[in-house]
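Just below is one structure, and these are the notes that go with it.
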Amino acid sequence: MSNTNQQLHNATEGKPTRAAAVAPRPLAAVLDQVTTRLSAPPSSGQPPCSPSTCRPSSAQQTHENGPCPVCGGLGWLRTDLPVGHPNFGRLVPCEVCGEVHRQMIARYDLHSSRKGRAMRQAFRNFGLTGPAAAATEAFNAAVAFAGNPVGWLVIHGPKGNGKSHLAEAVANFLIEERSTPTLFLTAPDLLRSLRMEVQASMRGQSEGAPALLDAAQEAPVLILDDLGAEKWTEWAEEQLFLLLDLRYRLERPTFVITNEDLGMLPGRIYSRLGDRALCRVVHNPAPDYRWGDGKVTV
């Protein structure tokens, strides 16, 4: 008997329990404490997006060999206990899916740019007062994507106005709260690692296609930050196109951040990001808070 099931067994004073598959709890329940600590609404009176308005994720969590035979791919189980029991209605993670997802998350973390300061970024420490109120629409869009990572989200705008914070907050929420395998990369980190893999291959120290490109193409959720910060060489454009084109064709959930005007991106990349049937595009016009009076992080 697993540790979780053993604890539930003990809690019922020896009565056996069984579990039924259920959908994960709504984003509102998970982020309830987050919303109470958000900054006050901007002066315009428009409140920040409440996670209660966001749908729970419809993306099924899956076992490596198909839907999990225990929970059906939902990732959660509800204990079958009598009404009035302290654990009645409580959701517990599916241990089979959980172990698979932990292994997948660890694998993606080998490549991830989610390190250092990025680990501290969350929705609760994103302020929306003063000039930073202009980031409200981008904040709402990021919260909605975190609650239901389906399709593509593209946020663009000037440097230093909180776009990367939102990308990191989405990654941290999906990984730490939802146990959703997610790969967070900056475009410069991606290209630098790909160059290192190619160089290693040329020296005969590795074989086959670059492991990072495969991981980025296959990740259940990809968050790509700083697109356009790299120098647009023919090789760099080809690698980024290979990544984005495959995810576009397979409609895999993808969140892209760029400081560039979308029209300045290479044409074949711009055409994918501009497809409104798949992509939601949001402009963040907030000023650079690093040197100005706007306060995005608290």
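Just wondering, is there one or more residues in the stretch 201-212 that are under 22 Å from Gly116 (Cα atoms) and surrounded by 14 or more Cβ atoms within 10 Å (Cβ to Cβ)? I'd like the intermediate steps shown before the answer.
If we filter the stretch 201-212 for residues that are under 22 Å from Gly116 (Cα atoms), which is where we start, we get 212.
If we keep only those that are surrounded by 14 or more Cβ atoms within 10 Å (Cβ to Cβ) as well, we get 212.
Looking for residues that are under 22 Å from Gly116 (Cα atoms) and surrounded by 14 or more Cβ atoms within 10 Å (Cβ to Cβ), one finds at least one in the stretch 201-212, hence yes.
With respect to Asp226, determine if the residue is out of contact with any strand residue (DSSP E or B) (no Cβ under 9 Å at 6 or more places or on another chain), of a type outside the set (Ser, Thr, Tyr), within 23 Å of Val150 (Cα to Cα) and surrounded by 15 or more Cβ atoms within 10 Å (Cβ to Cβ). Don't jump to the end; show me each part of the working.
Details: out of contact with any strand residue (DSSP E or B) (no Cβ under 9 Å at 6 or more places or on another chain): no; of a type outside the set (Ser, Thr, Tyr): yes; within 23 Å of Val150 (Cα to Cα): yes; surrounded by 15 or more Cβ atoms within 10 Å (Cβ to Cβ): yes.
Judged against the criteria, Asp226 is not a match.
When residues in the stretch 229-282 are screened for being farther than 14 Å from Leu153 by Cα and either in contact with a strand residue (DSSP E or B) (Cβ under 6 Å, 6 or more places away or on another chain) or in contact (Cβ under 8 Å) with a residue 60 or more places away in the chain (or both), 3 of them pass.
In the stretch 61-84, the residues that are charged (D, E, K, R) and modelled with pLDDT of 70 or more form Cβ pairs under 9 Å with partners that are surrounded by fewer than 18 Cβ atoms within 10 Å (Cβ to Cβ) and not in a strand (DSSP E or B), at six or more places apart or across chains, as follows: Arg78/Gly89; Arg78/Arg90; Asp80/Thr17; Asp80/Arg18. Remark: pairs (first residue in the stretch 213-227, closer than 18 Å to Cys279 by Cα; second residue aromatic (Phe, Trp, Tyr); Cβ separation under 8 Å; 6+ apart in sequence or on different chains) = Ala219/Tyr108; Val221/Phe255; Leu222/Phe255; Ile223/Phe184; Ile223/Phe255; Leu224/Phe255; Asp225/Phe184. Quickly run through the stretch 85-125 and pick out the residues that are surrounded by fewer than 16 Cβ atoms within 10 Å (Cβ to Cβ), closer than 16 Å to Glu176 by Cβ, modelled with pLDDT of 70 or more and among the aliphatic types (A, V, I, L, M). Scanning the stretch 85-125 gives a single hit, Met119. Only a single criterion out of (1) outside any loop (DSSP other than H, G, I, E, B); (2) in contact with a Pro (Cβ under 6 Å, 6 or more places away or on another chain); (3) under 27 Å from Arg276 (Cβ atoms) is not satisfied by Pro131, namely (3).
The values are calculated or read from the model by the stated rules, or taken from the named source; none is laboratory data. Fair warning: this is a prediction, and the values are worked out from it, not measured in the lab. Note that we place each Cβ from the backbone using ideal geometry, even for glycine, and neighbour counts take in every protein chain shown.
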